[in-house]
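Here's the structure we're looking at; comments come further down.
The values are calculated or read from the model by the stated rules, or taken from the named source; none is laboratory data. It should be emphasised that the depicted structure is a prediction, and the values quoted were computed from it without experimental measurement. Virtual Cβ from ideal backbone geometry, glycine too; neighbours counted across all protein chains shown. Calculation scope for accessible area: heavy atoms of the full protein, side chains included, ligands and nucleic acids excluded. Shrake-Rupley method; radii C 1.70, N 1.55, O 1.52, S 1.80 Å.
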Amino acid sequence: MGEAAIQVQGIRYSYGGQRAVDDVDFHIERSEILGFLGPNGAGKSTTIKMLTGQLRPQAGSISILGMSMPQQAEQIQGRIGVAFEEKNLYTNMSARENLVFFGRLFGIGDLDADELLARVDLADRGRDRVAEFSKGMRQRLMIARALVNTPDVLFLDEPTDGLDPVSSQAIREVIRQEAARGAAVLLTTHDMNEADKLSDRVAFINEGHVLVIDTPENLKIAHGKRSVRVRARHDGSVVETIIPLDEPGADERVKQAVGDRELLTIHTQEATLEDIFIQFAGRGLGA
Amino acid sequence: MISLRIVWAIIRKDIAEMTRNKFFVYITILGLIAYVALFWALPSTVNETLKLGVRGTGADALISQMAGEEGLELTSFDSVDALEAAVESGAITAGIDFPDDFLDSITAGTTTTVSVYVPADTSAEVRTAVSGMVKELAFIVAGSSLPVTPPAEDEIVLGQDRAGDQIPFKDKLRPLLAIFLLMMEMMSLASLIAEEIRSKTVTAVLVTPTRTSDFLAAKTILGTGLAFAEVALLMAAIRAFSTEPLVLLVALLLAALLVTGLALLAGSTGRDFIEILLVSVFLLVPLMIPAGAALFPGTAATWIQVLPSYGMTQAIVRASAYGAGWAETVPYLLMTIGWCAVIFALGVLVLRRKVETL
């Protein structure tokens, strides 16, 4: 495996006496999507601000695409794309003008704004003022803006926030395409389901600390409680049995539950990322 | 290091945004038209003749004796009622009523009273001047002369003698019109900056290869350029460039830079249009005082002379109305450069801090 697209070691940041990020380490490979999960105030935004050059870390080091942040901020910022949670678009300008302006900031004079707009399903709204856009349309434009410079690293803060399920799916597809193209993606979200579907790995962050980083599958296997729910007819009545698979003798109990009964339904139950987050953080994402 | 490519991109974007803000577009155009119309509606000549009405003993003799006196026009009235009516209508500045026993009293060496009629809104200075003139006229009516030996020279004039060549009021109004227009421009730029901060679009800009210095340079160039272009257009329309155009252009450029510095400050501190308006008024009212004082030469108190716009105002008035060249205006231009440096540095510092801590 080559050099990581993002390598973060021991970064810290405090606002006054309040420690927002404390000794955070992680890395993201090229073509990898890392989901950054945590409740409000966990340190996600501060971490992204340090990674994108908005804040200078008070300790530790950040390497992006082999360059140091913030020492080489200008070169790094030419190769990253950022979609903020706040829809900070120029609302008196059209969608197309927004993209063309940001293209110029990256030195792209011949930006194919229409192609970008088409990718986020806004091809027919390019000449409309952003002020007339719905929240979902603004969110899609934010994603398009983050892709203006064909970035090698993408920072996406709540990328599907406010989108309907169809639009969310379309945006997830765009993110997967970007990762497949080779971009490293750091995505923050409150939506565990989205993180599960989209991320190659997830990092749980709480109170400024990264609690764990692994693939969703590994986290569920290692820390989740699996069970089987069996519904069967026995002596004319329906009997439901829930059997934890992580306890000794689980195989036998499943066989007994099915036995010579008339099997009606059988469901496997897996822990969700939210369940595992609660195990680590002692609270949910909404807390 | 500032990137000219990025600065130009931001300026293009800002111009597009500004031209879509209909309020500022209309108010700038309408303001420009109104200021030009006001200037040309004001009289171009100066009439400083004092019109006095006289009634009573010796009035006709007085009038014939004073005929041809420069700056004084005497009219005889038959009755006190007619004299009062002329004062009230504004036909004369003041009316003087010599009592019928005036000459007898003078001859007898007794005290007598001369009535002076002035409109209610007459200033204290004019009243004092008229009272002094009444004493002189009373001597003439009594057939005496003032107990003062006339000086060998009429008067000693300091500076260029403008007797008979006074500056029309409207020419002294130019700096005030310029500041009104610059105020609009300042509010327009301040609103643009405040909106970028409020909506955090500046944050999106600053995670591209754009540096804070690029952002500040773009705002400075745009603000100064627009303010200078507008105020230069106004000055051209009110015929201010007929004398010393280069001095005036430099003064206007400094004025544009000064208000741009203020716009950076106002934009950093205001969050919406109302706040921008309040901050702008707070910053601009002191700037108007020297321009107002320029309408009445010699009235600028010391504290007015230390206000940031004093040098600029003096340079504009002196270059455009009095034809003053570099030698006379350099001290005022240097004063303005000093203030520009202070205000601009403060504006840049505050705005930089604001955008970098969003």
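Using only the alpha carbons of segment B:218-268, what is the convex hull's orientation-averaged projected area in square nanometres?
So the mean shadow area of the Cα hull is 3.4 nm².
Find the accessible area per residue for the protein assembly as shown; the probe is 1.4 Å, ligands and nucleic acids are left out, and the unit is Å².
Dividing the accessible area of the protein assembly as shown by its residue count gives 47 Å².
In terms of solvent-accessible area of protein heavy atoms at a 1.4 angstrom probe, what is the ranking of B:101, A:196, highest value first?
B:101, A:196
Between B:36, B:87, B:317, find the one with the highest GNM mean-square fluctuation for chain B; connect C-alpha pairs within less than 10 Å.
Per the Cα network of chain B with a 10 Å cutoff, B:87 tops the list.
Given q = 0.16, 0.23, 0.25, 0.28 Å⁻¹, what are the Debye log10 I(q)/I(0) values for segment B:300-357, with equal point scatterers placed on the Cα positions and solvent ignored?
-0.58, -0.86, -0.94, -1.06
Hey, any idea what Rg/Rh is for the protein assembly as shown, computing Rh the Kirkwood way over Cα pairs?
Ratio of gyration radius to Kirkwood radius: 1.27.
Determine the calculated [θ] at 222 nm for chain B from helices alone, applying -39500 (n - 2.57) to every DSSP H run no shorter than 4 residues and normalising by the residue count; nearest 500 deg cm²/dmol.
Rounded to the nearest 500, it is -21500 deg cm²/dmol.
What accessible area, summed over both chains, is buried at the A-B interface (1.4 Å probe, Å², nearest 100)?
Protein heavy atoms only, the A-B interface buries about 2200 Å².
Could you check how much of the accessible area of the protein assembly as shown is carbon and sulfur, as a whole percent, using a 1.4 Å probe?
Here it works out to 55 percent.
Let me check against my output: what whole-number percent is the relative contact order of chain B, with C-alpha pairs under 8 Å and at least 6 apart?
19
From Cα pairs below 8 angstrom and at least 6 apart in sequence, can you work out the relative contact order of segment A:225-269, rounded to a whole percent?
After rounding, I find 52 percent.
For segment B:1-114, compute Rg over Rh where Rg is the Cα radius of gyration and Rh is the Kirkwood radius from the inverse mean 1/r over Cα pairs.
Rg/Rh for segment B:1-114 comes to 1.52.
When the C-alpha atoms of segment A:89-153 are aligned to their principal axes, what extent does each axis show, in angstrom, from largest down?
29, 20, 18
Provide, for q = 0.13, 0.21, 0.22 Å⁻¹, the log10 of I(q)/I(0) from a solvent-free Debye sum over equal Cα point scatterers in segment A:105-206.
Relative scattering, expressed as log10 I(q)/I(0), comes to -0.47, -1.17, -1.27.
Only Lys, Arg, Asp and Glu count, each charged at its Cβ (+1, +1, -1, -1), so figure out the dipole size of the protein assembly as shown about its Cα centre, rounded to 20 debye.
2340
Plugging the Kirkwood radius over Cα pairs into Stokes-Einstein for segment B:156-272, at a temperature of 37 °C and a viscosity of 0.692 mPa s, what D comes out in µm²/s?
My calculation gives 203 µm²/s for D.
Show me the three semi-axes of the equivalent ellipsoid for chain A, from the C-alpha gyration tensor (sqrt of 5 times each eigenvalue), largest first, rounded to whole Å.
Values for chain A, descending: 41, 25, 16 Å.
With the calculation restricted to Cα positions, what are the radius of gyration and Dmax of segment A:1-132 in angstrom?
Looking at segment A:1-132, its Cα Rg and Dmax stand at 17.3, 50 Å.
Using only Cα positions of segment A:223-273, each an equal point scatterer, no hydration layer, compute I(q)/I(0) via Debye at q = 0.29, 0.30 Å⁻¹ and quote the log10 values to two decimals.
-1.09, -1.13
In Å, what Rg and Dmax follow from the Cα atoms of chain B?
Values for chain B (Cα only, Rg and Dmax): 28.2, 98 Å.
Can you tell me what share of the DSSP beta bridges in the protein assembly as shown is antiparallel? A percent to the nearest 5 is fine.
Roughly 60 percent of the DSSP beta bridges within the protein assembly as shown come out antiparallel.
Sorted by accessible area with a 1.4 angstrom probe, largest first, how do B:26, B:35 fall?
Descending accessible area places them as B:26, B:35.
Trypsin sites (Lys or Arg not before Pro) within segment A:199-287: which are DSSP loop residues with at most 14 other Cβ atoms inside 10 Å?
Listed in order of number, the matching sites are A:283.
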